[in-house]
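The values are calculated or read from the model by the stated rules, or taken from the named source; none is laboratory data. In this text, all values refer to a predicted model and were calculated from it rather than measured experimentally. Here the Cβ is made from the backbone with ideal geometry for all residues, glycine too, and neighbour counts use every protein chain on show.
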Amino acid sequence: MLRSMCRFVVGFAAILCCSNCVFAQSQDRPNILFIFMDDLGWKDVSFMGSDFYETPNIDRLAKEGMVFTNAYSCAANCAPARACLLSGQYTPRHEVYNVGTGLRGNKKFSKLKHIPGTTTLRKDIVTWAHCLQKAGYKTATMGKWHLSKDPLPYGFDVNIGGTHSGGPPRGYFPPHGKAPGLEQAPKGEYVTDRLHDEAIKFIESNKQNPWFLYLPHFAVHTPIQAKENIIAKYKAKKPGKIHNHEVMAAMIESVDEGVGRVVTKLDELGLTDKTAVIFFSDNGGYGPATSMKPLKGYKGTYYEGGIREPFLIKWPGVVKAGTENDEPIIGVDLFPTFCAMTGAELPKDQPLDGLNLVPLFRGEAIKTRALYWHFPAYLQSYQRNNEQRDPLFRSRPCSIVRFGEWKLHEYFEDGGLELYNLKDDISEKNNLAASMPQKANELHQILKGWRERINAPVPSEPNPHYDSVAEAEAIAKSASGKGKRKPMNKKQ
């Protein structure tokens, strides 16, 4: 009897110690609904403080779950953020650094030759979708893919709308072109609504099986388009101090309305208590249409407004409702987290850069660690250029590290360092690099050590087309208000 009891205790302890085995032992592994927004900034939902946009259904999820106030994307624009998310790796490992591989901006204004990288996530990279598929989950992606022509080889059983395109197929209204599953569309159909329809169909057809639904919305990526009846509502509404863009507000409301329909379907099918819901975004908001204040920056910058995102998880029975967590987390963390939640095995021969977040979901503490970003490229400016390092580029080649409350930027063209204490200066207004050289050097050494370990390429070769006089003139024109930037194209 005693021997049997000992075997039971040892076996139970082994289960508790294996984060990737805990939920594998249970027949009640959670379904996962992962809502991943495009270009939705940290402040673009009302549960994070928007004073104009309305998101009552998403807010309800936040109240029923845990909100992370220091959640980060791995990149300041679409493709690299998604490559990091799916692979669980920082940009130097998969080499998707930017949207496209060419120079983004005027060649006369860039001092260095950028690192082109690639536009496609390599097929030899194992994704969390592969791992969950192998663990018996039915997997689906519905919406923006942006990492290859077809997401199915990357671990998905179902693809609706996913192509290599960075934006919605031909806009938000029909025709939707050759996007898989969207070829036939009734007149006037709004693609955000269609994705929610497809999500409901998928959930209904898999109610008896464990499923993972990756819902990467096209919204609120350009073109800024919404349904006229919702736009009219916001035209009649008093503008907020932070937000006042009626069409952006209407786009966000359409997402929220659809999320409400999907959550209602979970209730109807009796799946609410069996489903974890996660809400996240790929980068900061679209600068000309929204604001992340008090954060500095927007999509394309590596200031907080370009990379800090809204994040919530509702997971009945695990996550305590109505809680908030200030621990910094980042997109690469979701790979090991999804595997831990579902009991899926991690890949054996593929390095992962993230951390299993399940202990945080349970309210436990973790050891402080560094978070990293690496962008060895250029991203041109658009008409709003007052919250970036210079008016010509939203970002020039750089690396960033956050460790605790401290954040260091390093810019490779001029060796410039920017040091901020985010606890005291969330808006990144006061660069402390000169006044606190010891702290700046401490973080710089951490950042350089990481780049060496991960073999991150740093651009150093001069660009033969660079023209310092033309650059200075362009900066002066922008400062005087004469050099207005052209609106962005769909590539952003």
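Which condition breaks for Thr101 when tested against (1) of a type outside the set (D, E, K, R); (2) surrounded by fewer than 24 Cβ atoms within 10 Å (Cβ to Cβ); (3) touching a residue at least 24 places away in the same chain (Cβ under 8 Å)?
Just one mismatch for Thr101, condition (3).
Examine the stretch 423-430 for a residue that is in contact with a Leu (Cβ under 7 Å, 6 or more places away or on another chain) and closer than 20 Å to Trp373 by Cα, and state whether such a residue exists.
Here is the first cut: in the stretch 423-430, the residues in contact with a Leu (Cβ under 7 Å, 6 or more places away or on another chain) are 426-427.
Right, trim to closer than 20 Å to Trp373 by Cα and you get 426-427.
Yes.
Any idea which of Gly300, Gly270 is on the phi > 0 side of the Ramachandran plot and crowded, with 23+ Cβ neighbours inside 10 Å?
Numbers: Gly270 fails: crowded, with 23+ Cβ neighbours inside 10 Å.
Sole residue among the options that is on the phi > 0 side of the Ramachandran plot and crowded, with 23+ Cβ neighbours inside 10 Å: Gly300.
Say whether the condition of being modelled with pLDDT of 95 or more, more than 23 Å from Lys265 (Cβ to Cβ), part of a loop (DSSP other than H, G, I, E, B) and more than 24 Å from the chain's Cα centre (by Cα) is met by at least one residue in the stretch 221-230.
No, every residue in the stretch 221-230 fails to be modelled with pLDDT of 95 or more, more than 23 Å from Lys265 (Cβ to Cβ), part of a loop (DSSP other than H, G, I, E, B) and more than 24 Å from the chain's Cα centre (by Cα).
Out of Lys265, Lys241, which single residue is at pLDDT 95 or above, out of contact with any Ser or Thr (no Cβ under 8 Å at 6 or more places or on another chain), not in a helix (DSSP H, G or I) and not aliphatic (A, V, I, L, M)? Step through it out loud before you land on a result.
Details: Lys265 fails: not in a helix (DSSP H, G or I).
Residue meeting the stated conditions: Lys241.
Yes/no per residue for (1) in the same structural domain as Trp315 (by TED's automatic domain parsing); (2) out of contact with any Pro (no Cβ under 8 Å at 6 or more places or on another chain); (3) modelled with pLDDT of 95 or more; (4) not aliphatic (A, V, I, L, M):
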site	(1), (2), (3), (4)
Ser4	no, yes, no, yes
Arg7	no, yes, no, yes
Val10	no, yes, no, no
Ala13	no, yes, no, no
Cys21	no, yes, no, yes
Ile32	yes, yes, yes, no
Ile35	yes, yes, yes, no
Val45	yes, no, yes, no
Ile58	yes, yes, yes, no
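So that you can scan it fast, the table gives a plain yes or no per residue for (1) within 17 Å of the chain's Cα centre (by Cα); (2) in a strand (DSSP E or B):
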{"residue": "Phe47", "(1), (2)": "no, no"}
{"residue": "Glu54", "(1), (2)": "no, no"}
{"residue": "Ala71", "(1), (2)": "yes, yes"}
{"residue": "Ala75", "(1), (2)": "yes, no"}
{"residue": "Ala79", "(1), (2)": "yes, no"}
{"residue": "Arg93", "(1), (2)": "no, no"}
{"residue": "Arg104", "(1), (2)": "no, no"}
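Of all residues in the stretch 361-376, which are over 30 Å from Leu103 (Cα atoms) and under 19 Å from the mean Cα position of the chain (by Cα)?
Once the filter is applied, which keeps residues that are over 30 Å from Leu103 (Cα atoms) and under 19 Å from the mean Cα position of the chain (by Cα), the stretch 361-376 yields only Phe361.
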